[in-house]
Amino acid sequence: MWLERIDRKIAAVEQRQAEEERARRLRPAPPDWVAAFGIGASREPAEVHTGGCHMTGPRWR
């Protein structure tokens, strides 16, 4: 009984790890750069960041 439960748990963990690896491989590469836009009517670009920068905010394209 316990061996069966352990085998099911191992199979579930292996499946989850395989799904995470597949998702990581299929994730698109970050862009080379992004532009952060200001607030207001003109919304001109205010900053430029590299694509993987953690400082990008909600107003970037």
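The values are calculated or read from the model by the stated rules, or taken from the named source; none is laboratory data. Here the structure is a predicted model, which means the values were calculated and not measured. Here Cβ is always computed from backbone atoms with ideal geometry, including for glycine, and neighbour counts include all displayed protein chains. Note: areas computed on protein heavy atoms with side chains; ligands, DNA, RNA excluded. Shrake-Rupley method; radii C 1.70, N 1.55, O 1.52, S 1.80 Å.
Among MET55, PRO28, ALA41, whose Cα sits farthest toward the positive end of the charge dipole of the chain (+1 at Cβ of Lys/Arg, -1 at Cβ of Asp/Glu, about the Cα centre)?
Final value for the positive-end residue is ALA41.
Heavy-atom accessible area per residue, the chain, 1.4 Å probe: how many Å²?
94 Å²
What angle, in degrees between 0 and 90 and rounded to the nearest 10, separates the Cα long axis of helix 2-26 from the longest principal axis of the Cα atoms of the chain?
Between helix and principal axis, roughly 20 degrees.
Which value, in debye to the nearest 20, describes the size of the charge dipole of the chain about its Cα centre when Lys and Arg Cβ atoms bear +1, Asp and Glu Cβ atoms bear -1, and nothing else is charged?
Dipole size: approximately 140 debye.
Of the heavy-atom accessible surface of segment 1-45 (probe 1.4 angstrom), what whole percent is carbon and sulfur?
Taking all protein chains in place, segment 1-45 shows 56 percent carbon and sulfur surface.
Obtain the radius of gyration and the Kirkwood radius of the chain from its C-alpha atoms and give Rg over Rh.
1.41
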